[in-house]
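Every number in this text was worked out from the coordinates using simple rules, so none of it is lab data. A quick note: this is a predicted structure, and the numbers were derived from the prediction, not measured. Here the Cβ positions follow ideal geometry from the backbone for every residue, glycine too, while neighbour counts run over all protein chains shown.
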Amino acid sequence: MNYQIAIVTGAGKGIGKAIALALAKQGCDIVVASRTQSDIDKVAREIEQLGRKSLAIRCDVSVEEDVQRLINETFKQFARIDILVNNAGIGTFASVADLNVSDFDKMWETNMRGTFLCTKAVLPYMKEQKSGEIINIASLAGRNAFKGGAGYAATKWAMIGFARCLMLEVREHNIRVITICPGSVDTDFHPESSKGKDTSRVPKAEDIAKIVVDALKMPRHVMVSEIDVRPTNPNW
Ligand SMILES: NC(=O)c1ccc[n+]([C@@H]2O[C@H](COP(=O)([O-])OP(=O)(O)OC[C@H]3O[C@@H](n4cnc5c(N)ncnc54)[C@H](OP(=O)(O)O)[C@@H]3O)[C@@H](O)[C@H]2O)c1
């Protein structure tokens, strides 16, 4: 890959960590961001062990000042931004009747406002460079309805709509927008539902990371704009 500098949000664990490590193995230097400094410090050390540079920046993607600092520090250190991975996300699953207003708000602030803030902040740099890659980790919950998913699914539905409009706006600047919609992935995201279940056939964070790398490796004149990822074992 010809890319050099990637920012991965929510890179302290799970899918974000796997994407950060996979991009480092492809030769990128990586800025890892999340709210827990100890997690991202650990991931940054793993990236450095792979022979790449890494910067761990504590950032809550829903806070505009945090995001601005993340992008400013990245540019100060590396002088370009090739890839943004909008991965940070949370989910609280409850019926509409039972979902707390504060949990509803937090999901919107993280999943959608965070995606908007990070994207908006990198666009001037990518437009100036006349190239860039914006990867959004949405979800099959943004395509399919299920009981208890209204709050979370709405944010992921919104992310997909946001990404489609964004793609039409920025492709003329040679910026690709690639949205990945995984179904269940074996991470800490829903520890309760995986307890005691056989997850051997459920996609792993590393599988999602491989999909991201493969999509980025498509010839630069081609954009795979949306990818759905399903487990082969629907009974999990
Ligand atoms: N696992 C699945 O089944 C699945 C399926 C489809 C889509 N997804 C999506 O994939 C993404 C990653 O999920 P995952 O399974 O890897 O979850 P995870 O294991 O819970 O990891 C989430 C990461 O996001 C970070 N994060 C959460 N809120 C943040 C905020 N406000 N600002 C910055 N970082 C934040 C967390 O760190 P801190 O808490 O320390 O900030 C953590 O590093 C999410 O967008 C999720 O919706 C997951």
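Take the residues of the range 116-166 that are away from the ligand (no atom under 15 Å from the Cβ) and assigned to a strand (DSSP E or B): which is nearest to V185 (Cα to Cα)? Residue satisfying both the conditions and the ranking: E133.
All of (1) within 16 Å of the ligand (Cβ to nearest atom); (2) farther than 30 Å from K25 by Cα; (3) free of Cβ contacts under 8 Å to residues at least 12 places away in the same chain hold for E169 with one exception: (1). Taking every residue in the range 59-83 that is within 24 Å of V170 (Cα to Cα) and pairing it with any residue that is among the polar types (S, T, N, Q), at least 6 positions away or on another chain, the pairs with Cβ-Cβ distances below 7 Å are V61/T9; V61/T110; S62/T110; R80/Q4; R80/Q129; I81/T74; D82/Q4. Taking the range 45-69 as the range and being outside any strand (DSSP E or B) and either surrounded by 24 or more Cβ atoms within 10 Å (Cβ to Cβ) or within 9 Å of the ligand (Cβ to nearest atom) (or both) as the test, the residues that pass are I47, C59, D60, V61, S62, V63, D66, V67.
Report, by residue number, each residue of the range 71-106 that is over 23 Å from I57 (Cβ atoms) and either in a helix (DSSP H, G or I) or within 13 Å of the ligand (Cβ to nearest atom) (or both). G91, T92, F93, V101, S102, D103, F104, D105 - these are the residues of the range 71-106 that are over 23 Å from I57 (Cβ atoms) and either in a helix (DSSP H, G or I) or within 13 Å of the ligand (Cβ to nearest atom) (or both).
Residues D198, D207: which one is outside any strand (DSSP E or B) and surrounded by fewer than 16 Cβ atoms within 10 Å (Cβ to Cβ)? It would help to see each step written out before you state the result.
Values: D207 fails: surrounded by fewer than 16 Cβ atoms within 10 Å (Cβ to Cβ).
None of the other options fit; the residue is D198.
It is to be established whether one or more residues within the range 96-110 are buried (at least 19 other Cβ atoms within 10 Å of the Cβ) and without any contact (Cβ under 8 Å) to a residue 60 or more places away in the chain. Write out each step before concluding.
Step one: list which residues in the range 96-110 are buried (at least 19 other Cβ atoms within 10 Å of the Cβ), which gives 107, 110.
Retained after the next criterion (residues that are without any contact (Cβ under 8 Å) to a residue 60 or more places away in the chain): 107, 110.
Yes, the conditions are met somewhere in the range 96-110.
The residue that is farthest from the ligand (Cβ to nearest atom), counting only those in the range 1-22 that are within 21 Å of V67 (Cα to Cα) and over 11 Å from the mean Cα position of the chain (by Cα), is Q4.
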